[in-house]
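*Asks:* Please see the structure below; I have some questions.
What follows is calculated from the coordinates using simple rules that are stated; it is not laboratory data. Just so it is clear, the structure is predicted and the values come from calculations on it, not from any experiment. Every residue, glycine among them, receives a Cβ derived from its backbone with ideal geometry; neighbour counts consider all protein chains shown.
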Amino acid sequence: MKNLNERLRGKIPGPDTGIEIKKSICTICDPDSQCGLDLYIKDGKIIKVEGSKENPHNEGTLCSKGAATRQYVYHNDRIKTPLKRVGPRGSGKFEPVSWDEALETITNNLDKVKTQFGPESVTFFSGYSFWYRPILQRMAQIFGSPNFLTNASVCHIAMIMSQILTFGLPGGPDIRNAKCLLVWGTNPFHSRTDIARHLLDAKERGLKIITVDPRYSPMAAQADIHLQLRPGTDGALALSMAHVMINEGLYDQDFIRDHTYGFDEYQKYVQEFSPKKGENLTGVPAEKIRAAARLFAITKPAAIMPGSSPVVHHTNGVQNHWAAFALLGLTDNYDISGGNFVEPLSYIYQPGGFISREEDFKHPKKFDEMAPRIGDDKFPVWSQLFDEAHAIHLPFQIHTEKPYPIKAMLAFGINYRMWPDLDFMAESLEKLDFVAIADIFMTESCKRFADIILPACTSVERSELRCYPERYVIYTQPAIKPLYESRPDVEIILELAKRLKLNDPLLSSGFEASLDWILEPSGITIEELKKNPGGMPVPNPIKFPERKYLKQGFRTPSGKMEFKSLFLEKYSDLFGYDALPVYRPPKYSHEATPDMAKDYPFILNTGTRLPMFIGSQTFRLPWTRSLSPEPSADLNPDDCLRLGIERGDDIKISTPKGSIVVKANIANMVQPGVVHVSPAYIEVKVNSLIEADYFDPISGFPGYKSLLCKVEKEKNAGIKKRHGGPSARGSDRGSSD
Ligand SMILES: Nc1nc2c(c(=O)[nH]1)N[C@H]1C(S)=C(S)[C@@H](COP(=O)(O)OP(=O)(O)OC[C@H]3O[C@@H](n4cnc5c(=O)[nH]c(N)nc54)[C@H](O)[C@@H]3O)O[C@H]1N2
Ligand SMILES: Nc1nc2c(c(=O)[nH]1)N[C@H]1C(S)=C(S)[C@@H](COP(=O)(O)OP(=O)(O)OC[C@H]3O[C@@H](n4cnc5c(=O)[nH]c(N)nc54)[C@H](O)[C@@H]3O)O[C@H]1N2
Ligand SMILES: [Mo]
């Protein structure tokens, strides 16, 4: 015991060590995660990283990405100074310039495009890490451009859209109070470790779990029932579950009578989806469909936990997810404690238990005061429900110049590989007159497209505001000085706003004063937050009531929960949208394109998250990369046996659009006939396999997760050198089989 105490004391830095612990947050992940950090600083350098125990979101834990913070912050790929392109575009030739010259060049070019073509011809893009978004969106609107675009165009918006179409407002799963959780297409053990911890606790308390996932994922391994469906068949599964609930009288007749619209037509349509038919369409045994429907319907309260994107990364995604969310209405689990509870978001996509003025801040102008946004005429449901332009339509509008030309882009953290059909996206960006990119690292997108590159600093070098669903809020202080000449994104945006003479009193007042304005209704101030460097509980968090629709109705066109969407019906003639959650198989599938399936017999699912990588960001870190060094695809053992493929073999995956070569990883977790590939590896361009217009016509979301492909053993194995990652250590991943 003495030893342990001594060891513990040894960990705590004293005045003689010169080590100081500073508080920060890790923003390598999206704002749903973003764990608290304790950074051990000596001589201005981070020497050790731990999870912050006082931050209730991670309670001292860190994942492999956060644990590699030092490698992230001190990586040699960091952009060190502002850079100006000196060779032709794409030549990768840049030379350092002063901040003044870089910002002046950006200002002149944005103003030039504004004068020649109008402010809407300038686009403002934001990728990771979101923290500066309200500032950038306000700046874009005051500049006069409606074209603020983000990765949300391919991430969570379509999932929210399907909830809005059903209920008017989205509700999140109240895991702590639920008795049954239907985990629909998410694997928080790799993508949301905070939720994974809560789930394990809830399971100990007796939570019943049903998982819908094509893979036997770590999440599925925790489930009482795992519905292992074929990718992109979620709608058929949901309709089949509804069939059981309705025909066995397991639905809530009072809720249906009092609060819903279109039930009769829906009920009639659902009759086509007997569990046997469900089995044929999805591959899930009829008995399991029945068991899951019964368990979900009779265990009260019950919630659906959706992933942010896997169910909507299909050409039929919105309809599929809507069909799933309809089950909440059937069982009266919407907006109740332990069900899917509706809470307003407080700041940057997070509900923190307080009200802010973020929405007002982001929208100094109304959209009808500006030109139409990119994609407005293509995706009318999107354009009415969301406040961003559509990034998937961006390359199309650059090419067609319709309804007006796009000429310039100011981007923060853009990765062109997020889009499908990379060549098309690349050609589009190359067509722009002017591109400026701020990023932490010298990325392929910077090298290929930028005229000016700006060095942004990481979260530990800046101050930012973050709130957490645990009713906790933090305003960080820089733990170290920004490295090299890097600057916080917000500082860059505010300086540009000044140079562009936007003359906005709020932006001119600075970041902290803007935050104080945003936080005003909550009573929280930056001054108070600064006194609590590790964060603080939200004072007097608001307790929102259940069933808010009883007072205010549902925010749908009918004012009720809609089994038949009046919103979609409005566009049925012009856009061909189905007003019911109609199931159609993925555009390229054995059912929809049997001829194509003869040549391309595998289902290709791209993008399932690996625990150690996020987007393109952590593949470059030795620690995280060592956990999965080789670009690989997961295949079922039976398929490998049939094709003569062994673990570690090079395999070629082809679609009519192109092909890639990766290592084979034999994984029992994958069902036969499906191949899963991650886009995290820089050496492999997975999204080049997907056509630019392979998207869901309602949301515009690409069908990343259900295409058809061919898998072959690569004949030229060993001849071509394809990639140069750290030494091959086989491609077995801890969780794969
Ligand atoms: N095939 C396939 N494609 C997909 C997906 C899929 O599942 N399958 N998923 C889609 C989804 S859901 C998403 S969200 C996207 C994600 O795709 P992206 O948003 O493209 O994600 P990253 O590749 O991580 O690119 C983020 C960039 O932001 C930079 N960055 C990070 N932090 C900061 C910062 O604080 N400031 C600045 N200025 N830059 C920063 C990083 O260095 C990096 O260059 O990919 C989409 N594409
Ligand atoms: N470690 C790590 N964490 C991340 C990210 C990351 O890159 N790395 N990215 C962040 C981002 S941008 C996002 S959007 C989220 C995404 O995180 P999640 O929403 O959890 O999504 P995924 O991990 O892509 O997939 C979750 C599960 O969905 C399954 N799935 C695939 N296709 C289908 C389908 O057609 N139907 C159903 N029902 N399930 C399917 C996969 O097999 C997988 O087990 O993660 C965030 N967190
Ligand atoms: Mo995402």
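*Asks:* Alpha carbon centre of region 149-227 versus region 104-131: separation in Å?
*Replies:* That distance is 37 Å.
*Asks:* Then there is this: Dipole of region 171-341 (Lys/Arg Cβ +1, Asp/Glu Cβ -1, origin at the Cα centre): which of 231, 340, 315 lies farthest to the positive side?
*Replies:* Of the options given, the answer is 231.
*Asks:* For residue 548, go through the aspartates and glutamates and keep the ones whose alpha-carbon is under 14 Å away, minus same-chain ones fewer than eight residues off.
*Replies:* Output for residue 548: 332, 335, 343.
*Asks:* Separate question: Taking a 32 Å limit on the Cα-Cα distance, which of the listed pairs 179/663; 179/685; 208/564; 208/276 fall beyond it?
*Replies:* With Cα atoms farther than 32 Å apart: 179/663; 179/685.
*Asks:* Which links in 65/543; 300/570; 112/657; 498/530; 114/587; 53/551 stretch past 29 Å when you go from one Cα to the other?
*Replies:* 65/543; 300/570; 112/657; 114/587; 53/551, as the Cα separations exceed 29 Å there.
*Asks:* How high is the relative contact order of region 19-73, in percent, with contacts defined as C-alpha pairs under 8 Å that are six or more residues apart?
*Replies:* 28 percent
*Asks:* If you count, for each residue, the other Cβ atoms within 10 Å and average over each peptide, how do 690-700, 619-629 line up from highest to lowest?
*Replies:* Details: 690-700: 22.4, 619-629: 19.1.
Per-residue mean Cβ counts within 10 Å order the peptides as 690-700, 619-629.
*Asks:* Given only helices, namely DSSP H runs of n ≥ 4 each adding -39500 (n - 2.57), what is the per-residue ellipticity at 222 nm of the chain, to the nearest 500 deg cm²/dmol?
*Replies:* That comes out to -8500 deg cm²/dmol.
*Asks:* Then there is this: Give the shape of region 171-341 as rounded, prolate or oblate, defined through the alpha-carbon gyration tensor: a ≥ b ≥ c are the square roots of its eigenvalues, a/c under 1.5 means rounded, and otherwise the shape is prolate if a/b is larger than b/c and oblate if not. Walk me through the intermediate numbers first.
*Replies:* Details: a/c = 1.61, a/b = 1.21, b/c = 1.33.
Because a/c hits 1.5 or more and a/b fails to exceed b/c, region 171-341 counts as oblate.
*Asks:* Moving to a separate point now. Which order results if 237, 229, 604 are arranged by neighbouring Cβ count within 10 Å, fewest first?
*Replies:* The order, fewest Cβ neighbours first, is 229, 604, 237.
*Asks:* Would you be so kind as to identify which of 541, 517, 529 lies farthest towards the positive end of the dipole of region 508-551, taking Lys and Arg as +1 and Asp and Glu as -1 on Cβ and the Cα centre as origin?
*Replies:* Towards the positive end, the residue furthest out is 541.
*Asks:* In region 550-673, if every C-alpha pair distance is counted and binned at 5 Å from zero, what percent goes to each bin?
*Replies:* Here the calculated profile for region 550-673 is 2, 8, 12, 14, 13, 11, 9, 9, 9, 8, 4, 1, 0.
*Asks:* A further question follows. Which order do the peptides 283-295, 304-316 come out in when sorted by mean C-beta neighbours inside 10 angstrom, highest first?
*Replies:* Taking the mean over residues of other Cβ atoms within 10 Å, the ranking is 304-316, 283-295.
*Asks:* Give me the dipole magnitude in Debye, nearest 20, for the chain about the Cα centre, with unit charges on the beta carbon: positive for Lys and Arg, negative for Asp and Glu. Please list the in-between numbers first.
*Replies:* Values: 90 positive and 90 negative charges, 315 e Å.
Around 1520 debye, computed over the chain.
*Asks:* Could you point to the residue in 351, 400, 416 farthest towards the positive end of the chain's charge dipole, with +1 and -1 charges on the Cβ of Lys/Arg and Asp/Glu respectively?
*Replies:* 416
*Asks:* Once you order the gyration tensor axes a ≥ b ≥ c over the Cα atoms, which shape class does region 45-140 get: rounded for a/c under 1.5, otherwise prolate or oblate by comparing a/b with b/c?
*Replies:* Oblate, because a/c is 1.5 or more while a/b does not exceed b/c.
*Asks:* If you place +1 on the Cβ of every Lys and Arg and -1 on the Cβ of every Asp and Glu, how big does the dipole about the Cα centre of region 594-713 come out, in debye to the nearest 20? Intermediate values should be presented prior to the final figure.
*Replies:* Numbers: 13 positive and 14 negative charges, 61 e Å.
Computed about the Cα centre, the dipole is about 300 debye.
*Asks:* By average Cβ neighbour count within 10 Å, what is the ranking of 46-55, 572-581 from highest down?
*Replies:* Descending packing order for the listed peptides: 46-55, 572-581.
*Asks:* Have a look at region 270-311 and give its Rg and Dmax from the Cα atoms, expressed in angstrom.
*Replies:* For region 270-311, the Cα-based Rg and Dmax read 12.2, 30 Å.
*Asks:* A follow-up question, please. Treat the count of other C-beta atoms within 10 Å as a stand-in for reagent exposure and order 663, 402, 179 from fewest to most.
*Replies:* Listing 663, 402, 179 from fewest to most nearby Cβ atoms yields 402, 179, 663.
*Asks:* Quick check: residue separation of residue 423 and residue 337 times 0.36 nm, minus the Cα distance between them. What number comes out in nm?
*Replies:* So the extension gain works out to 26.2 nm.
*Asks:* Report the rotationally averaged projected area of region 19-73 based on its alpha-carbon convex hull, in square nanometres.
*Replies:* The number I arrive at for region 19-73 is 3.4 nm².
*Asks:* Can you bin region 318-385 into rounded, prolate or oblate? Criterion: square roots of the alpha carbon gyration tensor eigenvalues sorted a ≥ b ≥ c, rounded for a/c under 1.5, prolate for a/b above b/c, oblate for the rest. Spell out each step's value before the answer.
*Replies:* Details: a/c = 3.75, a/b = 1.34, b/c = 2.80.
Judged from the Cα gyration tensor, region 318-385 comes out oblate (a/c at least 1.5, b/c at or above a/b).
*Asks:* I've got another one for you. Starting with the fewest neighbours, write out 180, 640 ranked by other beta-carbon atoms found within 10 Å of each beta-carbon.
*Replies:* 640, 180
*Asks:* Okay, moving on. Hey, any idea what the orientation-averaged projected area of the convex hull of the chain's Cα atoms comes to, in nm²?
*Replies:* 32.3 nm²
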